[in-house]
Amino acid sequence: ITEGFASEGQLKVKIPTTQTPLEDTFHRYSDLMYGYSVEHVKQVSDQPVSMFWRRLEAHADVTVVLPDIRQGETVKTISFQTNTGVTGSYLLDVATGTLQTQTANNTVIVKADNLSVTDGQMKAWLCMMPCQVTSLKVILKTEKATYTKNISSCDLTFDVNTRNRLKVDMSGIERIPMTDSERNALINERLFSLIDLDAPGLEEVKYLHSYGCLYEAAEELR
């Protein structure tokens, strides 16, 4: 609670654009709620105070039917781009329960490292602001390629206190190989300054790094 909260009555709220969900749900601490009491609260430690809680965010239970991904490729991220702001920073007026947008982003990026594939499908939970979505772009990225699906006309509602469900079929989508610059952008070049590239056994790593092939050098190092 920041200084001046009692007079200003505002809290800063942030839903991150890049999210790391677990297999079936978010971690239990990932919900976003605020509580308030209608009672006059005195500083008496041995008396309970009734609290009322309001959820601010919507969860989406998403199933993605994966495209035909080549052997050796793994899904790194799945991005959902909408026609409206779904993540970002907001100001919550506790007295009225209204949210005022400070910065909004129309994208949710799911890191797929903790997600597995079952029967060609990957499941994840998203966290977003409650919204109406009329257009959606889903972008699936592996280490080597991008798969994109545009849903130009849809009618999706994401509400609080609801298990919102979304299924996206990416099968049959065209595979677009990543460019060298896109693949290199996945690697933090500082990695190579932390190791001795002249050490025995790292000759191939040093060779690839010297030609700017950061992704291939990281793969060789791994």
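The values are calculated or read from the model by the stated rules, or taken from the named source; none is laboratory data. It should be emphasised that the depicted structure is a prediction, and the values quoted were computed from it without experimental measurement. For neighbour counting, all protein chains shown are included, and Cβ atoms are generated from backbone atoms with ideal geometry for every residue, glycine included. Surface accessibility is based on the protein's heavy atoms, side chains included, excluding ligands, DNA and RNA. Shrake-Rupley method; radii C 1.70, N 1.55, O 1.52, S 1.80 Å.
The table below gives the values:
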quantity	calculated
Sum of side-chain charges, Arg55 neighbourhood, beta-carbon under 11 Å (Lys, Arg +1; Asp, Glu -1)	-2
Approximate spin-label separation Asn114-Ser89, in nm, with each point projected 7 Å along Cα-to-Cβ	2.5
1.4 Å probe accessible area per residue over the chain, in Å²	63
Table column - 3J(HN,Hα) (Hz), region 144-156, Karplus curve with 6.51, -1.76, 1.60, x for Gly and Pro	10, 7, 10, 10, 10, 10, 9, 10, 6, 9, 8, 9, 10
Binned Cα-Cα distances of region 79-147, short to long, each 10 Å bin given as a whole percent	16, 41, 28, 11, 3
Long-range amide H partners of Ala58 with built H, under 5 Å	Met128, Met129
Net charge, Leu202 excluded, C-beta distance under 10 Å - Lys, Arg +1, Asp, Glu -1	-4
Neighbourhood net charge (9 Å Cβ-Cβ; Lys/Arg +1, Asp/Glu -1) for Ala217	-3
Förster radius 22 Å - calculated FRET efficiency between Glu182 and Thr20 (Cβ-Cβ, nearest 0.05)	0.55
FRET efficiency, Tyr207 to Glu174 (Cβ-Cβ, R0 41 Å, nearest 0.05)	0.75
Under 16 Å from Lys76, Cα to Cα: lysines that are on another chain or at least 8 residues apart	Lys111, Lys123, Lys141, Lys144
Efficiency of FRET between Thr107 and Asp61 - r from beta-carbon atoms, R0 22 angstrom, step 0.05	0.70
Potential lengthening between Lys137 and Leu156 on full extension [0.36 nm per residue; Cα-Cα distance subtracted]	5.5 nm
For Ile151, residues with placed amide H under 5 Å, excluding near neighbours	Leu136, Lys137, Val138
Accessible-area composition of the chain, carbon plus sulfur, in percent [1.4 Å probe]	48
Size descriptor, Kirkwood hydrodynamic radius, that averages inverse alpha-carbon separations across the chain, Å	20.6
D (Stokes-Einstein, µm²/s), Kirkwood Cα radius, region 42-84, 1.002 mPa s at 20 °C	130
